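My questions all concern the structure below.
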Amino acid sequence: MYSAHRILSRAVAYFPERPALIDGDVRLTYRELGGRVNRLANALRDMGLKRGDRVAILDWNSHRYAEAYYACALAGLTFMPLNSRLAAPELEYIFNDSDARAVLLSAPFLDVYQDVRSKAPSLEFSVGMGLERTPDGFHDYEEMLASASPEARPADTGVDDIIQIYYTSGTTGDPKGVCLTNGNVYWCGVDSTTTMDFRLGCVWLHSAPMFHLADALAFWAVPLVGGAQVCVHFQPDRVLELIEKERVTITSLPATLIALIANHSDTAKYDLSSLTQIMYGGSPTSLGVLQKAERMFPSDMFLHAYGITETTGIACCLQPADHDLALRPDGPHRAASCGVPSPLIDRRVVDEDGNDVGVGEIGEVLFGGPKIMKEYWRKPEITAETLRGGWYHTGDIGYLDETGHLYLVDRKKDMIISGAENVYSVEVENVLSTHPAVLEVAVIGIPHDLWGEQVHAVVVRRDGQEAVTADDILDFCRDKIAGYKIPKSLSFADGPLPTTGPGKVAKRRLRDPYWEAAERQI
C-alpha cells in the first residue's frame, strides 16, 4: 500500500502536464518524467537486475540522478546514493560490503570508478550517464532508455522492503549502510509536506547534494503537491541565477551554503522574491550567519531542521516564527534550538537507565515513529544496540525547555559535522595512526565561521620524529580518505594526551578551549 513509487505515479496521473524536473535545457513534465522513469526501470531489469539488488550512483545533481531514485523504487531495486567526495578505498569498501551489482556514473567519477571496479567482484553492470564516449563494458544510459519499454511495471514490494541504503561514516571506522524501507520513504514525503512550505505549484531547488537526505526528501514531497524540481551543482552565482530564472520557492541550504550566499557581494542584483522558505541545518549555524542572511531574506523564511539519515530526514524543526523571535535583540535564544518534532516523529530525552528526564535536564535524545530506519546493512549487533527498546538512540545529548523545544549540547559519539558532512573521528584517527611518526592522535571538531566545524587533529610524535611536520602528516591522508575528512589543521602535543578515568582520551578537554567563546556547542 505504501510503496514509494506510488508517489510519482500519482503525480503523473493528477499533474501530467505540470513541470516536474528542470536541469539546464532539459525540462520534463510529469508525463515525460514518468515515461523516462518507466523506461529506466525496465532497462535495469532487462539488463539482469532483480528485486532487492543494490544499484549505486556517482553523479552531481542532475535529472538522471532524480530519474534513478524513482526508477529503482519502481523496479524494486535498492538504490544507493554515494557521497561524491569519497576516496577510492572508501568506495571499494562500500561496493564490497553491499555486494552492489550495478553503478550509474557520470564523467567526473569515471577515473575513480575504474580504479576500484576490478576490486569489487559483485559489480556486473556499469552505466555511463552523459559520457562523450562509452568505455568498453559500459552501457549507455540514453541508449538503454531508448530501447526499453515505456510501460509501467511496478515491482510487488511491501512497506518493509528496503529500497534505499545510505552509507554513513562509522564510529568504529567502517561505514554503516542505513537501510530505509518503502514505508520510511513514503512517510518521509508526507511528513515533509506537513512540516515545510511545500504547496501546489511550488518550485524546489536541489542546491544541496542529492546524496543527502536533507535534499533527497524533496523527491518524495514535491510530487505530492505537483511541484517542480530544479537541479544545480552548487555555486553561489548559479544558485542565485536559478532562483531568479525559475522562480524557486523553497530549497535546502546547509549553513555553509547560507554563509557563502550571505557573504556574496552581488546578491542584491538578483530578484529572489519568489522564495518563501529556506531550510537549513546539517552543521552548527551561528547567530551571526543567520543575522547576515536576514539582511537578504526575512527571518520568517528560515526553517531549521535537525535530521539524521536513520530518521529518514527531518526529526525536529525550528519553525520560522521562532527565528523571528530569536533574531530580535531582546528575543529568547531559541536560534540555538533544534525545535519540536515533526508530525511523524516521537521524541524522548532519557538518562543512563533509559528513564525520561525532566525539563532542563540533560540526557540522550531518542526518536521513534514510522520514519525510523529498518536496520544497518548486515550489522545486526549494531542495529540491535542502536534500536534497543524500539527507539533510535541518536547518541546526541540534549535537553527540553518548558515548551518542548529540543537543545543539543554534546555528542555521545565523536562525530564532527563540517560543511554538512558527517566526519567520525575514529575513522580519521585510524588513518593518521598508521603514519610512522604518530604515537598518539585525537581528532576533534573546532569552530569554523563558514563550515560550522572543522576537523582538527592533535598528535603526539614518536621520539626522534620531531622533524616531521603537520603538512607531512596531512599529506599522508590524501587518497586514503575523502578530502572533507582530512584535518584542516593539526597541532602537536608535547606530552601524552589527557585521558579519562577508564583510560580513554579526554576529547572534551582538548575541545573546550576552542569552544569557550562559541555561541553553540554543537
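Run the lone-cysteine check on the chain: no other Cys C-beta under 4.7 Å from the residue's C-beta.
Those would be CYS72, CYS179, CYS188, CYS202, CYS231, CYS317, CYS477, since no other cysteine Cβ in the chain comes under 4.7 Å of theirs.
Could you run the Karplus curve 6.51 cos²θ - 1.76 cosθ + 1.60 with θ = phi - 60° over the range 147-163 and give me ³J(HN,Hα) per residue in whole Hz, x for Gly and Pro?
Residue by residue, the range 147-163 yields 9, 8, 6, x, 6, 7, 10, x, 6, 8, 9, x, 4, 9, 6, 6, 10 Hz.
Quick one: net charge around GLN465, please, counting Lys, Arg +1 and Asp, Glu -1 for every other residue with C-beta under 13 Å from its C-beta.
-2
Based on DSSP, what percent of beta bridges with both residues in the chain are antiparallel, to the nearest 5?
Details: 50 of 86 bridges.
Beta bridges within the chain, antiparallel portion: roughly 60 percent.
Please work out the ratio of the alpha-carbon Rg of the range 198-258 to 2.2 N^0.38 Å and round it to two decimals.
Numbers: Rg = 10.8 Å, N = 61, 2.2 N^0.38 = 10.5 Å.
That works out to 1.03 for the range 198-258.
For the range 122-256, give the percent of accessible area contributed by carbon and sulfur heavy atoms, probe 1.4 Å, rounded to a whole number.
On the range 122-256, the fraction of accessible area on carbon and sulfur atoms equals 47 percent.
Same structure, new question: If you place +1 on the Cβ of every Lys and Arg and -1 on the Cβ of every Asp and Glu, how big does the dipole about the Cα centre of the range 41-111 come out, in debye to the nearest 20?
Its charge dipole is roughly 260 debye.
In terms of modelled amide H atoms, which long-range or inter-chain residues lie less than 5 Å from the amide H of CYS338?
For CYS338, whose amide H was placed from the backbone, the distant partners under 5 Å are LEU406, TYR407, LEU408.
Oh, and also: What Kirkwood radius, in Å to one decimal, follows from the Cα pairs of the range 1-128?
Result for the range 1-128, one decimal place: 15.3 Å.
With unit charges on the beta carbons (Lys and Arg positive, Asp and Glu negative) and the dipole taken about the Cα centre of the chain, which residue among GLY354, LEU217, VAL159 sits farthest to the positive side?
VAL159
Probe of 1.4 angstrom, ligands and nucleic acids ignored: what's the accessible area per residue over the range 90-180, in square angstrom? Walk me through the intermediate numbers first.
Details: 3900 Å² over 91 residues.
Normalised by residue count, the accessible surface of the range 90-180 is 43 Å².
Compute from the Cα atoms of the range 4-77 the Rg and the Dmax, the latter being the longest Cα-Cα distance, and quote both in angstrom.
Rg and Dmax of the range 4-77, Cα atoms, are 12.3, 34 Å.
Could you check how many percent of all C-alpha pairs in the chain are farther apart than 44 Å?
For the chain, the fraction of Cα-Cα distances above 44 Å is 13 percent.
Rounding to the nearest 20 debye, state how big the charge dipole of the chain is about its Cα centre with +1 on each Lys and Arg Cβ and -1 on each Asp and Glu Cβ. Numbers along the way, then the final one.
Values: 50 positive and 71 negative charges, 173 e Å.
Computed about the Cα centre, the dipole is about 840 debye.
Give LYS176/LYS480; LYS119/LYS176; LYS176/LYS374; LYS379/LYS507; LYS245/LYS269; LYS50/LYS371 a once-over and call out the pairs whose C-alpha atoms are over 23 Å from each other. Write out the running numbers ahead of the final one.
Working: LYS176/LYS480 18 Å; LYS119/LYS176 20 Å; LYS176/LYS374 13 Å; LYS379/LYS507 27 Å; LYS245/LYS269 13 Å; LYS50/LYS371 26 Å.
Among LYS176/LYS480; LYS119/LYS176; LYS176/LYS374; LYS379/LYS507; LYS245/LYS269; LYS50/LYS371, the Cα-Cα distance tops 23 Å for LYS379/LYS507; LYS50/LYS371.
Could you compute how fast the range 369-445 diffuses translationally, taking Rh as the Kirkwood radius over C-alpha pairs and applying Stokes-Einstein at 37 °C with viscosity 0.692 mPa s? Give it in µm² per second.
In µm²/s, the coefficient rounds to 214.
The values are calculated or read from the model by the stated rules, or taken from the named source; none is laboratory data. Nothing here was measured: the structure is a model prediction, and the numbers come from that model. Note that we place each Cβ from the backbone using ideal geometry, even for glycine, and neighbour counts take in every protein chain shown. All accessible areas refer to the heavy atoms of the entire protein, side chains included, with ligands and DNA or RNA removed. Shrake-Rupley method; radii C 1.70, N 1.55, O 1.52, S 1.80 Å.
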